[in-house]
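The values are calculated or read from the model by the stated rules, or taken from the named source; none is laboratory data. This is a predicted model, so every value here is computed, not measured. Cβ coordinates were reconstructed from backbone atoms using ideal geometry, including for glycine residues, and neighbour counts include every protein chain displayed. The protein model used for the area step is the full one, side chains on, heavy atoms only, and it has no ligands, DNA or RNA in it. Shrake-Rupley method; radii C 1.70, N 1.55, O 1.52, S 1.80 Å.
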Amino acid sequence: MSQHQQSRLVDDLDVVTAEIISGKLLALVDEMAIIMAKTSMSPVIYEVLDFACGICTSQGELVAQSNGITLFTGTFGSQVAAVAKQYEGDIAPGDIFITNDPFNGGTHSCDMAVIRPIFHGDRIIAYAITVAHWLDVGGAVPGSLPTNANSCFQEGLSLSLIRIGRNGELLPDMVRIIEQNVRLPDMAIGDLMAQLATTRVAENGVRETLDKYGLEAVENVFTHIITSGEKKSRAVITDLPDGEYFATEVIDGDGIVDTAIPVQVKITIRNDEMIADFTGSAPAAAGPINCGYTALSSAVRTVFKALVGPQEPSNEGWFRPLKIVVPDGTVFSANKPSPTGWYYEGSVHASELVWKALANLKKDRFSAGSYTSLSVLYITGKDKNGNLFVHIEPQHGGWGASADADGANALIALTDGDTYNYSIELLEAKFPLRVKKYCLNTEGGAGAGRQRGGFGLIREYEILSDDAEIYCSLSRNTTPPWGVENGREGSCNFVEVENAKNGAVSRLHRVPHWDIKNRDRVRVITGGGGGWGDPKERKTEDVMRDILDDLINPEQAVDQYGVALDNDDAFQTDK
């Protein structure tokens, strides 16, 4: 559509009506999110909020999305478009589709998308979609994410672009296939039913809007939402200086070997467009930290949106000025049968690369490096009744400092957006676990600087089961978060297991299996973010505040900032 046609559309559209319909769509995806959280069976969905909901046009372009997992930002349209292409000419009212294919629009096998076409008469006008993390989809280990997988076939049930329902009802044969291939069938089917209810809410809401305002008005608003997002996005890019910006990183191992995996990006800004080129990044890894193209797209879009409109609702238009270039078969563009179970520990480095490349260009939007890793820990085993339990929990950590502020303490990683960890009360009620410690990781520290990095966390679990194990795959376990303008590096992520009998402590970061005995303690320790600016330029009162808050001790104040206490507890400085 030309600029003239877009202007004509806006002129012809009743502005008030357009705002009402736009607001209705945003309210609908929020309602979807509420329904999903309140009706799901898995704590990782209703407590952590590991899901997202959206509405796409008939062409698969996103027009409205709920807050949620940022890494689903680039998958909705791809998954809808893949279903539409697979079933072209063979989609009827009441059809329901399911897909979890990381090589065809998805992320990894546990992220299950349910898609419902929305008809107006005999024509598809939109699609409702919800993607949620199922706790188990079969595979080699409970939770379905073996950290040492060398093939996607070890990562559970694959349902690639499958029609799972007709006439609004699930197909019984498909339900049986799911039930027979997962370890927690009641939970899986319960979450599936929640997703069906969620997409039905969207279908009813869009139909009500069509009945009230008519097909032409709704389609015009779809177009207006997308073109408005594009216009705003291009305006921001136009104001940036043209040029090329580079960043390099390493991924600390892949779950099979600890060898550093080099990755890189070149950002090109030209007029009102941006290109993110990942040429030169390492080939697909043997272990499961690979991601497919759509997960890469989501990772880049997350940072791009932070640049062009962080507070604005997402839609496809915001991303039209963005082009992503990546050779086939890299760690960021893996092909089947590469394992992708821990894709978020790889794709987050694509986000970090773009973030790092832009940090000095847009200092009011970007910070120094963060702890990066979701630092997910799986604890599985048998409860007191002999039933299988699977506990999965992302952890918060320290973010990097910005040019004018200290980094955020204990904030969820870039990949996860508006999600949470478990409340301690719910965790202890649901699982044979007791949380013994939950505090800032001041011992590990954060990057010193004129503005210091934020602090990570320590979360310590006592295991109350005679039959349990853990597995985990934490990145940034060797290479700490980067500083900016002589700011110091942050600290790394790791897990500790303390033996209840002899007190021996083992340090882990990527481990496929570790037996846990009753009363053993497991600590997830997340790193602090990088600093910004020379530490010697930090204000004395800021150093004093950190000492009074027990974030640093007097010795660290001297070593890092050149600030010392005299005998009267007053501060002296060698600055």
Task: Where the Cα pairs of the range 409-472 fall when distances are cut into 5 Å bins, in % - done: 4, 13, 18, 20, 20, 13, 7, 3, 1, 0
TODO: Express the accessible area of the chain per residue in Å², computed with a 1.4 Å probe while the remaining protein chains stay in the model.
DONE: 39 Å²
- [ ] Please report the base-10 log of the normalised intensity I(q)/I(0) for the range 253-396, using a Debye sum with one equal scatterer per alpha carbon and no solvent, at each q in 0.17, 0.22 (1/Å).
- [x] -0.99, -1.41
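For the chain, with all protein chains present and a 1.4 Å probe, just round the carbon and sulfur fraction of the accessible area to a whole percent.
Working: 10540 of 22270 Å².
About 47 percent, which is the carbon plus sulfur part of the accessible surface.
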- [ ] Using the Karplus curve 6.51 cos²θ - 1.76 cosθ + 1.60 with θ = phi - 60°, work out ³J(HN,Hα) for each residue of the range 459-471 in order, rounded to whole Hz, and write x for Gly and Pro.
- [x] 10, 10, 10, 9, 8, 10, 9, 8, 9, 8, 8, 10, 8
Open item on the list: Per-residue counts of other Cβ atoms within 10 Å, averaged by peptide: what ranking do you get for 126-132, 313-319, 232-238, highest first?
Closed with: 126-132, 313-319, 232-238
- [ ] Take the Cα atoms of the range 367-538, find their three principal axes, and give me the spread along each one in whole Å, biggest first.
- [x] 57, 34, 24
- [ ] Express in nm, to one decimal, how much length is gained between Glu273 and Gln86 on full extension, taking 0.36 nm for each residue of separation and deducting their alpha carbon distance.
- [x] 64.2 nm
TODO: For Ile256, enumerate residues with amide H under 5 Å from its amide H, sequence gap 5+ or separate chain, H modeled in the peptide plane.
DONE: Gly287
Open item on the list: 7 Å from Cα along Cα→Cβ at both Glu555 and Val505: what's the point-to-point distance in nm?
Closed with: 1.5 nm
Task: Three principal axis lengths of the range 2-231 [C-alpha, angstrom, descending] - done: 58, 34, 32
- [ ] Scan around Thr330 for amide H atoms under 5 Å from its own, H built in the peptide plane at 1.01 Å from N, and keep only partners 5 or more places away or cross-chain.
- [x] Ala284
Open item on the list: Could you sort the peptides 76-88, 93-105 by per-residue average Cβ neighbour count (10 Å cutoff), highest mean leading?
Closed with: 93-105, 76-88
Task: Contour minus Cα-Cα distance for Glu541 and Leu388 (0.36 nm per residue) - done: 49.8 nm
Open item on the list: Taking amide H atoms as placed 1.01 Å from N in the peptide plane, list the residues 5 or more away in sequence, or in a different chain, whose amide H sits under 5 Å from that of Ile516.
Closed with: Ala468, Glu469, Ile470
Open item on the list: Sort 486-492, 383-389 by the packing proxy (mean of other Cβ within 10 Å over each peptide's residues), most packed first.
Closed with: 486-492, 383-389
Task: R0 of 22 Å, Cβ-Cβ distance Val257-Trp514: FRET efficiency to nearest 0.05 - done: 0.75
- [ ] Set Lys and Arg Cβ to +1 and Asp and Glu Cβ to -1, take the dipole of the chain about its Cα centre, and tell me which of Val182, Ser298, Gly527 lies farthest positive.
- [x] Val182
Open item on the list: From the phi angles alone, apply the Karplus equation (6.51, -1.76, 1.60; θ = phi - 60°) to the range 183-193 and give each ³J(HN,Hα) in whole Hz, x where the residue is Gly or Pro.
Closed with: 7, 10, x, 4, 5, 4, 5, x, 5, 4, 5
- [ ] Take the eigenvalues of the Cα gyration tensor for the chain, scale each by 5, and report the square roots as semi-axes in whole Å, largest first.
- [x] 39, 31, 21
Open item on the list: Only bridges whose two residues both fall in the chain count here: according to DSSP, what percent of them are antiparallel, nearest 5?
Closed with: 95 percent
TODO: Filter the cross-link list Lys384/Lys501; Lys384/Lys517; Lys266/Lys323; Lys266/Lys362 down to pairs whose alpha-carbon distance in this structure exceeds 18 Å.
DONE: Lys384/Lys501
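Find how much the distance from Cys439 to Glu169 grows on full extension, using 0.36 nm per residue of separation minus their present alpha carbon separation; answer in nm with one decimal.
Numbers: separation 270, 0.36 × 270 = 97.20 nm, distance 4.75 nm.
Once the chain is fully extended between Cys439 and Glu169, it gains 92.4 nm.
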Task: HN-Hα J in Hz across the range 249-256 - Karplus 6.51, -1.76, 1.60, θ = phi - 60°, x for Gly and Pro - done: 8, 10, 9, 7, x, 10, x, 10
